[in-house]
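S.K.: Take a look at the following structure, please.
The values are calculated or read from the model by the stated rules, or taken from the named source; none is laboratory data. The structure presented is a predicted model; accordingly, all values stated were derived computationally and were not measured. As a convention, Cβ positions derive from the backbone with ideal geometry for all residues, glycine included, and neighbour counts pool all protein chains shown. Ligands, DNA and RNA are excluded from the accessible area calculation, which covers all protein heavy atoms including side chains. Shrake-Rupley method; radii C 1.70, N 1.55, O 1.52, S 1.80 Å.
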2 protein chains.
Amino acid sequence: MGPAAKARWRPRIQGSGFSAMARKAARKTAGRNAIAKRSAGNKAPAKTKVKAKAKATSKASAKGPARTKPAIAARDPKPPANPALIEVTRGEMVESRHRIAVAVVDAGGKLVESWGDIERPIYGRSAVKPLQALPLLESGAADAFALGEPEIALACASHNGEPQHTDRVRHWLGRIGCEVADLECGAHLPLHEPTMLQLIANGGDVTAIYNNCSGKHAGFLTTARHEGEPTRGYIRFEHPVQQRVTKAMSEMTGVDLTRAPRGIDGCGIPVLGMPLRAMAHGLARMADPRKLSADRANACKRILAAIMAWPALLGGTGRFGSTLMATLRGRFVLKGGAEGVYAGILPSLGLGVAIKADDGAGRAAEVAMAQTLRRLKLISTAEAKQLADLLMPPVLNRAHLEVGRIRSTGEGRF
Amino acid sequence: MGPAAKARWRPRIQGSGFSAMARKAARKTAGRNAIAKRSAGNKAPAKTKVKAKAKATSKASAKGPARTKPAIAARDPKPPANPALIEVTRGEMVESRHRIAVAVVDAGGKLVESWGDIERPIYGRSAVKPLQALPLLESGAADAFALGEPEIALACASHNGEPQHTDRVRHWLGRIGCEVADLECGAHLPLHEPTMLQLIANGGDVTAIYNNCSGKHAGFLTTARHEGEPTRGYIRFEHPVQQRVTKAMSEMTGVDLTRAPRGIDGCGIPVLGMPLRAMAHGLARMADPRKLSADRANACKRILAAIMAWPALLGGTGRFGSTLMATLRGRFVLKGGAEGVYAGILPSLGLGVAIKADDGAGRAAEVAMAQTLRRLKLISTAEAKQLADLLMPPVLNRAHLEVGRIRSTGEGRF
């Protein structure tokens with residue numbers, strides 16, 4: 001390995017916001033690590049490793065501006081194993097196992113149920129798109145450009161690139177005086193295979209319109225247009241578009257995300273680390289917005305209503321979340337993200353669900369979400385039986401023969 | 001969940017071969033589980049779970065016929081966590097982590113180095129193709145049909161479906177009087193994106209020739225032709241083609257695979273469960289075949305020579321194994337498989353390496369193999385620096401910006 005690998009990666013600890021408690025925990029951990037290293041007979045000099053557990057403040061106001069809070073410190077890079085909640089079988093064996101953390105939280109921040117380490121910071125990725133869409137409505141941009149429910153759903157989508165998605169995004173861009181070239185999300189082939197095959201067969205260009213995030217980016221462009229801001233560079237953390245998103249997300253999750261560990265998403269926008277529990281809290285506030293300001297509560301309700309009315313726009317044909325939402329319409333909003341993240345917004349229970357597969361496997365996060373909804377009685381036993389191929393999907397071989405299943409291990413109470 | 005899920009999956013324990021030791025271990029585990037369930041306050045009746053650890057017999061003769069041995073019992077479905085050897089970073093955080101087991105074994109079956117639980121049974125998937133190719137040479141079929149090194153390499157390949165692969169397999173099929181329709185591996189789009197785009201743009205049919213396993217299947221058909229056996233159904237466990245493969249694999253790994261847990265591979269052939277350690281032992285015997293029969297040793301040498309001479313045929317353009325073998329030519333044979341399995345055959349050290357990512361992630365298995373080769377000094381520090389993007393690959397976003405890395409965590413001595 002090159003020098004970059006030798007200089008072991010360390011979590012960035014933001015000094016100024018680092019609380020005394022976290023410092024104490026860090027000293028303790030450093031001591032433990034040194035002992036572990038000695039007992040393992042490792043002759044390398046004992047390195048101090050810093051660990052900090054920044055709990056989400058459950059009482060954070062969702063109304064006020066983002067406040068100064070302790071930074072989220074990235075945790076020890078060698079955290080304990082989360083429970084193996086999901087398994088993949090093949091014939092007579094379990095072939096692979098996925099370790100998962102699940103947080104179920106109410107709007108007051110109370111933990112209702114959990115599996116695994118829910119304080120470990122994660123990136124919400126595309127699963128938090130419904131939260132990222134708040135400024136589109138709150139700014140008045142959606143109404144100024146007369147966006148309908150389909151556009152609002154698309155602003156929260158990781159879509160398949162089917163005509164139902166791309167035709168609408170293209171028309172929407174025209175309405176705000178933008179074009180596909182203004183999208184800064186990058187291009188990829190449509191996720192929907194028949195659409196992809198047709199596009200290639202027709203010799204069509206693979207543009208950013210097919211990017212699964214093109215609706216979210218159209219939403220970003222809409223707020224920039226509405227506020228008279230330059231559209232160029234709207235994906236950068238410093239741009240007012242992302243500043244509004246960060247503010248709304250901070251208020252909803254109760255975490256000051258301006259000081260969170262940061263990275264770049266697949267589509268170029270910032271990703272901000274937060275405890276899984278805080279992500280669930282933000283989703284719960286959306287599910288039960290009674291304590292939010294009237295404007296924000298209204299935005300939350302409109303976003304959920306739009307997604308529930310147009311579940312196919314959120315993903316598309318054959319996709320887990322779209323299919324489950326369409327089949328059990330009105331019961332919940334589900335949104336997945338890359339690297340095994342999944343969000344659930346459950347208005348009837350006033351709960352938010354946040355799921356992260358340690359290894360980043362989307363197949364595991366989907367089945368874990370299905371099982372969580374079963375546990376919460378939002379899917380009945382009779383429905384689960386009918387939907388078995390969605391909730392506990394078969395593993396197919398190239399000849400389309402079922403050779404295994406992806407399913408809950410039943411570990412813990414899961 | 002439906003009734004299928006309620007009736008919890010259990011590993012099949014083959015009664016007749018179940019040793020007294022394994023039974024004792026099973027009783028112990030059942031007791032432990034009952035206690036754990038009680039202390040967790042779970043009110044479900046305590047179920048007994050059966051666990052058996054079937055060690056690979058390291059002294060198994062590679063010459064004799066498959067002998068009667070204790071069956072491999074699938075282990076407790078809730079095994080302990082393997083070490084998190086590989087991490088995926090994004091910006092300032094580790095976003096995902098992969099738990100891995102690695103076995104490094106010599107031809108005598110001696111464990112040289114290991115990480116994680118190497119006795120847990122795994123399916124070798126496509127990583128054991130070099131072992132599965134033994135009957136093609138030993139039967140005399142390869143010589144009878146005048147196969148060259150390219151065909152032998154293709155028999156061990158999980159190829160990209162590029163013209164260099166498919167043209168050769170098509171020609172080979174013609175030589176044995178077969179056609180593409182005789183391949184029972186199923187069809188999928190070529191893995192190599194430019195080839196896929198061209199195929200679709202030209203309106204070509206997606207046939208089994210593009211299946212990454214079409215070379216292996218051509219090899220199977222070749223042995224059936226040579227022996228005058230029906231080709232139809234050659235993928236079935238009971239067919240003489242697969243019986244020969246099972247026999248050779250049993251002899252090489254030291255495990256009676258006729259009694260192993262069984263499943264079906266992506267390409268339709270049987271997969272047979274064996275401890276990771278046994279898989280490494282089989283690969284080590286290939287790396288150092290001095291104690292094998294002259295015929296088998298010769299077959300091993302020819303297979304390794306063919307792969308080393310034609311690394312691009314084993315995978316293809318841009319693939320990890322092909323690229324690393326081509327860059328450091330002659331140093332090792334590497335072969336990956338689905339669900340995070342990787343095989344290394346190291347002739348200069350006389351060692352076999354078997355890797356399994358618990359979660360089935362190929363990205364993790366590749367980086368773990370790279371790191372194992374570094375640990376074994378088969379890749380120097382200077383070479384690792386030059387090959388950093390292969391050994392510790394960047395995570396790219398849709399705009400091709402580097403946003404993270406996949407790399408070793410440095411846990412344990414890894």
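S.K.: Of the residues that sit in segment B:213-234 and are more than 9 Å from chain A (Cβ to nearest Cβ) and in a loop (DSSP other than H, G, I, E, B), which one is farthest from the chain's Cα centre (by Cα)?
M.R.: Among those that are more than 9 Å from chain A (Cβ to nearest Cβ) and in a loop (DSSP other than H, G, I, E, B), it is B:Gly228.
S.K.: Output the number of the condition that B:Asp389 fails; it satisfies all remaining conditions of (1) under 30 Å from A:Ala365 (Cα atoms); (2) among the charged types (D, E, K, R); (3) at pLDDT below 95.
M.R.: Every condition holds for B:Asp389 apart from (3).
S.K.: Let me ask another. Keeping to segment B:235-255, report how many residues are more than 22 Å from B:Leu314 (Cα to Cα) and not in a helix (DSSP H, G or I).
M.R.: The qualifying residues number 6.
S.K.: Of the residues that make up segment A:148-156, is at least one touching a strand residue (DSSP E or B) at 6+ places or on another chain (Cβ under 9 Å) and touching a residue at least 12 places away in the same chain (Cβ under 8 Å)?
M.R.: Restricting attention to segment A:148-156, the residues satisfying the condition of being touching a strand residue (DSSP E or B) at 6+ places or on another chain (Cβ under 9 Å) are A:156.
Then drop every residue that is not touching a residue at least 12 places away in the same chain (Cβ under 8 Å), which leaves A:156.
Yes, because at least one residue in segment A:148-156 is touching a strand residue (DSSP E or B) at 6+ places or on another chain (Cβ under 9 Å) and touching a residue at least 12 places away in the same chain (Cβ under 8 Å).
S.K.: If you take the residues in segment B:252-273 that are farther than 28 Å from B:Tyr210 by Cα and within 12 Å of chain A (Cβ to nearest Cβ), which one is most open to solvent (accessible area, probe 1.4 Å)?
M.R.: Let us first name the residues in segment B:252-273 that are farther than 28 Å from B:Tyr210 by Cα, namely B:252-261.
From what is left, the residues that are within 12 Å of chain A (Cβ to nearest Cβ) are B:259-261.
On the way: B:Arg259: 45, B:Ala260: 2, B:Pro261: 3 Å².
So, considering only residues that are farther than 28 Å from B:Tyr210 by Cα and within 12 Å of chain A (Cβ to nearest Cβ), the one most open to solvent (accessible area, probe 1.4 Å) is B:Arg259.
S.K.: Now, a different point. Scan segment A:135-148 and tell me whether some residue there is under 29 Å from A:Pro393 (Cα atoms) and buried (at least 24 other Cβ atoms within 10 Å of the Cβ). So that I can check it myself, show each step before the final result.
M.R.: Taking segment A:135-148 and keeping what is under 29 Å from A:Pro393 (Cα atoms), we get none.
Among the residues of segment A:135-148, not one is under 29 Å from A:Pro393 (Cα atoms) and buried (at least 24 other Cβ atoms within 10 Å of the Cβ), which makes the answer no.
S.K.: Let me ask something else about it. Can you name the number of the only condition in (1) in a loop (DSSP other than H, G, I, E, B); (2) surrounded by fewer than 24 Cβ atoms within 10 Å (Cβ to Cβ) that B:Glu339 fails?
M.R.: Tallying (1) in a loop (DSSP other than H, G, I, E, B); (2) surrounded by fewer than 24 Cβ atoms within 10 Å (Cβ to Cβ), B:Glu339 fails exactly one: (2).
S.K.: Within segment A:225-247, can one find any residue that is among the β-branched types (Val, Ile, Thr) and without any contact (Cβ under 8 Å) to a residue 40 or more places away in the chain?
M.R.: Restricting attention to segment A:225-247, the residues satisfying the condition of being among the β-branched types (Val, Ile, Thr) are A:231, A:235, A:241, A:245-246.
Next cut, without any contact (Cβ under 8 Å) to a residue 40 or more places away in the chain only: none.
No, that holds for no residue.
S.K.: If I filter segment B:274-288 for residues that are more than 12 Å from chain A (Cβ to nearest Cβ), of a type in the set (Asp, Glu) and in contact (Cβ under 8 Å) with a residue 24 or more places away in the chain, do I get at least one hit?
M.R.: yes
S.K.: Give segment A:340-381 a look and list any residue that's hydroxyl-bearing (Ser, Thr, Tyr) and away from chain B (no Cβ under 13 Å), or say none. Lay out the reasoning, then the answer.
M.R.: Our first condition is that a residue be hydroxyl-bearing (Ser, Thr, Tyr); within segment A:340-381, this holds for A:342, A:348, A:372, A:380-381.
Answer for segment A:340-381, where residues must be hydroxyl-bearing (Ser, Thr, Tyr) and away from chain B (no Cβ under 13 Å): A:Tyr342, A:Ser348.
Table: residues versus (1) surrounded by fewer than 24 Cβ atoms within 10 Å (Cβ to Cβ); (2) closer than 26 Å to A:Lys356 by Cβ.
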position	(1), (2)
A:Tyr234	yes, no
A:Pro240	yes, no
A:Val245	no, yes
A:Ala278	no, yes
A:Met286	no, yes
A:Asn298	yes, no
A:Gly318	yes, yes
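S.K.: Follow-up question, since we're still on this one. Quick one: which of A:Leu376, A:Leu390 is open to solvent by 20 Å² or more (accessible area, probe 1.4 Å), among the hydrophobic types (A, V, I, L, M, F, W, C), touching a residue at least 40 places away in the same chain (Cβ under 8 Å) and touching a helix residue (DSSP H, G or I) at 6+ places or on another chain (Cβ under 8 Å)? Don't jump to the end; show me each part of the working.
M.R.: On the way: A:Leu376 fails: touching a helix residue (DSSP H, G or I) at 6+ places or on another chain (Cβ under 8 Å).
Selected residue: A:Leu390, the only one of A:Leu376, A:Leu390 that is open to solvent by 20 Å² or more (accessible area, probe 1.4 Å), among the hydrophobic types (A, V, I, L, M, F, W, C), touching a residue at least 40 places away in the same chain (Cβ under 8 Å) and touching a helix residue (DSSP H, G or I) at 6+ places or on another chain (Cβ under 8 Å).
S.K.: Please name all residue pairs, on different chains or six or more residues apart, with Cβ atoms under 6 Å, provided the first residue is in segment A:198-211 and is touching a residue at least 60 places away in the same chain (Cβ under 8 Å) and the second residue is surrounded by 20 or more Cβ atoms within 10 Å (Cβ to Cβ) and part of a helix (DSSP H, G or I).
M.R.: Hits for this filter: zero, empty list.
S.K.: Give the residues of segment B:111-153 that are among the acidic types (Asp, Glu), in a helix (DSSP H, G or I) and over 22 Å from B:Ser322 (Cβ atoms), sorted by residue number. Write out each step before concluding.
M.R.: Just the residues of segment B:111-153 that are among the acidic types (Asp, Glu), to begin with: B:113, B:117, B:119, B:138, B:143, B:149, B:151.
Cutting the leftovers down to in a helix (DSSP H, G or I) gives us B:138, B:143, B:149, B:151.
Within segment B:111-153, B:Glu138, B:Asp143 meet the criteria.
S.K.: Moving on to the next point. May I ask you to say which residue of B:His188, B:His171 is part of a loop (DSSP other than H, G, I, E, B) and surrounded by fewer than 21 Cβ atoms within 10 Å (Cβ to Cβ)? Talk me through it step by step, then tell me what you get.
M.R.: Working: B:His171 fails: part of a loop (DSSP other than H, G, I, E, B).
On inspection, the qualifying residue turns out to be B:His188.
S.K.: Looking at segment A:382-399, which of its residues are part of a loop (DSSP other than H, G, I, E, B), within 9 Å of chain B (Cβ to nearest Cβ) and out of contact with any Ser or Thr (no Cβ under 8 Å at 6 or more places or on another chain)? Spell out how you get there, then give the answer.
M.R.: Residues of segment A:382-399 part of a loop (DSSP other than H, G, I, E, B): A:387, A:392-393, A:397-399.
Narrowing further to those that are within 9 Å of chain B (Cβ to nearest Cβ): A:387, A:392, A:397-399.
A:Asn397, A:Arg398, A:Ala399 - these are the residues of segment A:382-399 that are part of a loop (DSSP other than H, G, I, E, B), within 9 Å of chain B (Cβ to nearest Cβ) and out of contact with any Ser or Thr (no Cβ under 8 Å at 6 or more places or on another chain).
S.K.: May I ask you to list the residues in segment A:393-414 that are without any contact (Cβ under 8 Å) to a residue 12 or more places away in the chain and either buried (at least 17 other Cβ atoms within 10 Å of the Cβ) or polar (S, T, N, Q) (or both)?
M.R.: The answer is A:Asn397, A:Arg398, A:Ala399, A:Gly410.
S.K.: So for segment B:85-92 (the condition being at pLDDT 95 or above, closer than 30 Å to B:Ser293 by Cα and assigned to a strand (DSSP E or B)), does at least one residue qualify? Steps first, please.
M.R.: Residues of segment B:85-92 at pLDDT 95 or above: B:85-92.
From the residues that got through so far, the ones that are closer than 30 Å to B:Ser293 by Cα too are none.
For segment B:85-92, residues at pLDDT 95 or above, closer than 30 Å to B:Ser293 by Cα and assigned to a strand (DSSP E or B): absent.
S.K.: Please verify whether B:Gly404 is over 25 Å from the mean Cα position of the chain (by Cα), outside any helix (DSSP H, G or I), modelled with pLDDT of 95 or more and not aliphatic (A, V, I, L, M), treating the condition exactly as stated. So that I can check it myself, show each step before the final result.
M.R.: Working: over 25 Å from the mean Cα position of the chain (by Cα): yes; outside any helix (DSSP H, G or I): yes; modelled with pLDDT of 95 or more: yes; not aliphatic (A, V, I, L, M): yes.
It is true that B:Gly404 is over 25 Å from the mean Cα position of the chain (by Cα), outside any helix (DSSP H, G or I), modelled with pLDDT of 95 or more and not aliphatic (A, V, I, L, M).
S.K.: Ok, one more. Please work out which residue is surrounded by the fewest Cβ atoms within 10 Å (Cβ to Cβ), limiting yourself to segment B:355-373 and to residues that are in contact (Cβ under 8 Å) with a residue 60 or more places away in the chain and in a helix (DSSP H, G or I).
M.R.: Keep residues of segment B:355-373 that are in contact (Cβ under 8 Å) with a residue 60 or more places away in the chain, which gives B:355-359, B:361, B:363-365, B:367-368, B:371-372.
The next check asks that each one be in a helix (DSSP H, G or I); those that pass are B:363-365, B:367-368, B:371-372.
Working: B:Arg363: 19, B:Ala364: 29, B:Ala365: 27, B:Val367: 29, B:Ala368: 27, B:Gln371: 27, B:Thr372: 27.
In this case the residue turns out to be B:Arg363.
S.K.: Return the residues of segment A:78-114 that are open to solvent by 10 Å² or more (accessible area, probe 1.4 Å) and farther than 30 Å from A:Asn397 by Cα; say none if nothing qualifies.
M.R.: Correct list: A:Lys78, A:Pro79, A:Pro80, A:Ala81, A:Asp106, A:Ala107, A:Gly108, A:Lys110, A:Leu111, A:Val112, A:Glu113, A:Ser114.
S.K.: Ok, one more. Can you tell me which residue is nearest to A:Ala368 (Cα to Cα) among those in segment A:322-336 that are assigned to a helix (DSSP H, G or I) and in contact (Cβ under 8 Å) with a residue 40 or more places away in the chain?
M.R.: Residue satisfying both the conditions and the ranking: A:Leu324.
S.K.: I'd like the full set of residues that are of a type in the set (D, E, K, R) and part of a helix (DSSP H, G or I), limited to segment B:154-168. So that I can check it myself, show each step before the final result.
M.R.: Our first condition is that a residue be of a type in the set (D, E, K, R); within segment B:154-168, this holds for B:162, B:167-168.
Passing the criteria: B:Asp167, B:Arg168.
S.K.: Also, quick follow-up: Just checking, how many residues over segment A:265-296 are outside any helix (DSSP H, G or I) and more than 30 Å from B:Leu396 (Cβ to Cβ)? It would help to see each step written out before you state the result.
M.R.: Filtering segment A:265-296 for residues outside any helix (DSSP H, G or I) gives A:265-275, A:288, A:292-293.
Now drop any that are not more than 30 Å from B:Leu396 (Cβ to Cβ), which leaves A:288, A:292-293.
Of the residues in segment A:265-296, 3 are outside any helix (DSSP H, G or I) and more than 30 Å from B:Leu396 (Cβ to Cβ).
S.K.: Sticking with this structure for a sec: I'm trying to understand the selection: among the residues of segment A:184-211, which are under 26 Å from A:Ala142 (Cα atoms) and facing chain B (nearest Cβ under 9 Å)?
M.R.: Scanning segment A:184-211 gives A:Glu184, A:Cys185, A:Gly186, A:Ala187, A:Ala208, A:Asn211.
S.K.: Turning to a different aspect of this structure: Is it fair to say B:Ile209 is of a type outside the set (Ser, Thr, Tyr), under 19 Å from the mean Cα position of the chain (by Cα) and under 11 Å from B:Glu184 (Cα atoms)? Break it down into steps so the answer makes sense when it comes.
M.R.: Details: of a type outside the set (Ser, Thr, Tyr): yes; under 19 Å from the mean Cα position of the chain (by Cα): no; under 11 Å from B:Glu184 (Cα atoms): yes.
No: the conditions fail for B:Ile209.
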